[in-house]
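For reference, the structure discussed in these notes is given below.
Values quoted throughout were computed directly from the atomic coordinates according to the rules given, and no laboratory measurement underlies them. Here the structure is a predicted model, which is why all the values come from computation and not from measurement. Cβ placement follows ideal geometry from the backbone for every residue including glycine, while neighbour counts extend to all protein chains displayed.
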Ligand code: F6P
């Protein structure tokens, strides 16, 4: 019988509870014992380590759709690999993790995390040397290399779509525009996909430079006097500071375009998990449990060519390096960011959406 641990780290998103519940189910059907570590590495580094034992009553199937994490993702001030570096407490923190892991006597640990958490786990890999470490990628940013999908992204696109659909009605009533700011950090996937879904008039993403005057001309020349301009939180406007949606909104107002900025903020992370995200979570949970059975370690589950598989964390780490893309001078990119060849960009252009200076 194996004893496995599950831990959620980094920002929350929809689909975490689905993947936890599905791992528990697949593992318990094999007769394995499953524990859930509370509050990510913060709970793991506590003395004693904070965890709960799962049984069928702690993980009711009807709750698997809920956003957030049953295991929590850690407090704002939590001790994790990043804050330990900032506080000069790396060795102390690493020792606590080693001690907890040896106390917990796990055969395997499934870490459900984003880019940062998975990279840091790989950089500190010797801590997990005594067990099998399997990572599952989750993030609404979809900025994780070597996987075509991440848990939580589809629900975030749906949340933004619902938010913008509603704004569109008031925009129409008042003949005005809304400048909606999406999350996504430096990656434009969320804004691009949601923008296509809602039929935005313009989508501004960090990977593509835009010209404010071209945007203004595009909106003034539109065949409608209302609509949505979707801007990713990672864009910047030379000589301006503050929230991107506010900056763009002010520029549009100065040009005589009636508009309001709008901020869906963390509602992007809390929708009832979509069917697509639940299926993805189930596939990744199944893949992770199979990887444990096959004695794999230091791997991440990934979707490639429609198949769910595992990739080595070393490969993941190298592919995730943020480099300057020679095709777009001055713009940072990685394998997971929106590439200039992304078919959605041409589709946006074909649909009359201003997407920046693509030529
Ligand atoms: O990485 C997920 C994410 O939601 C980003 O899109 C966003 O910039 C950030 O986390 C927000 O973090 P916090 O919850 O700390 O405000």
Give me the number: length gained by fully extending residue 339 to residue 309, i.e. 0.36 nm times residue separation minus the C-alpha to C-alpha distance, one decimal in nm.
-> 8.5 nm
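Normalising by the residue count of the chain, find the relative contact order in percent from Cα pairs under 8 Å and 6+ residues apart. If you can, show how the numbers build up before the last one.
On the way: 744 pairs, mean separation 77.7, N = 359.
The normalised contact order for the chain reaches 22 percent.
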Degrees, to the nearest 10: 153-173 long Cα axis against longest axis of the chain = 30
Given the chain, what percent of its DSSP beta bridges are antiparallel, to the nearest 5?
-> 25
In vacuum, with every alpha carbon of the range 179-269 counted as one equal point scatterer, what does the Debye formula give for log10 I(q)/I(0) at q = 0.25, 0.26 Å⁻¹? Two decimals, please.
-> -1.49, -1.60
Convert 10 °C to kelvin, take the viscosity as 1.306 mPa s, use the Kirkwood radius over C-alpha pairs of the chain as Rh, and evaluate the Stokes-Einstein diffusion coefficient in µm²/s, rounded to a whole number.
-> 74
Along Cα→Cβ, 7 Å out, is where each label goes; now give me the distance between the ones at residue 295 and residue 346 in nm to one decimal.
-> 4.7
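If you take the beta carbon distance between residue 29 and residue 126 as r and set R0 to 30 Å, what does 1/(1 + (r/R0)^6) give as a FRET efficiency, to the nearest 0.05?
Working: r = 32 Å, r/R0 = 1.08.
Once rounded, the FRET efficiency stands at 0.40.
What number, rounded to the nearest 500 deg cm²/dmol, is the helix-based mean residue ellipticity at 222 nm of the chain, given -39500 (n - 2.57) per DSSP H run of at least four residues and division by all its residues? Working shown, then result.
On the way: 12 runs with 134 residues, N = 359.
Result for the chain, helices only: -11500 deg cm²/dmol.
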Checked the range 212-331 with the C-alpha gyration tensor, a ≥ b ≥ c its square-rooted eigenvalues, rounded below a/c of 1.5, otherwise prolate if a/b is larger than b/c and oblate if not; verdict prolate
Modelled label-to-label distance, residue 99 and residue 197, 7 Å Cα→beta-carbon offset: nm?
-> 4.5
If you count, for each residue, the other Cβ atoms within 10 Å and average over each peptide, how do 177-189, 334-346 line up from highest to lowest?
-> 177-189, 334-346
In degrees rounded to 10, the 0-90 angle between helix 189-198 Cα long axis and the longest Cα principal axis of the chain is 50
What share of the DSSP beta bridges in the range 1-160 is antiparallel, in percent to the nearest 5?
-> 15
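The range 49-157: percent of C-alpha pairs farther apart than 25 Å? Could you put the intermediate results ahead of the total?
Details: 1732 of 5886 pairs.
Within the range 49-157, distances greater than 25 Å cover 29 percent of Cα pairs.
Pull out the extension gain between residue 318 and residue 222, defined as 0.36 nm times the separation in residues minus the alpha carbon to alpha carbon distance; nm, one decimal. If you can, show how the numbers build up before the last one.
Numbers: separation 96, 0.36 × 96 = 34.56 nm, distance 4.34 nm.
Here the answer is 30.2 nm.
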Relative to the longest principal axis of the C-alpha atoms of the chain, give the angle of the C-alpha long axis of helix 244-254, reported between 0 and 90° and rounded to the nearest 10°.
-> 10
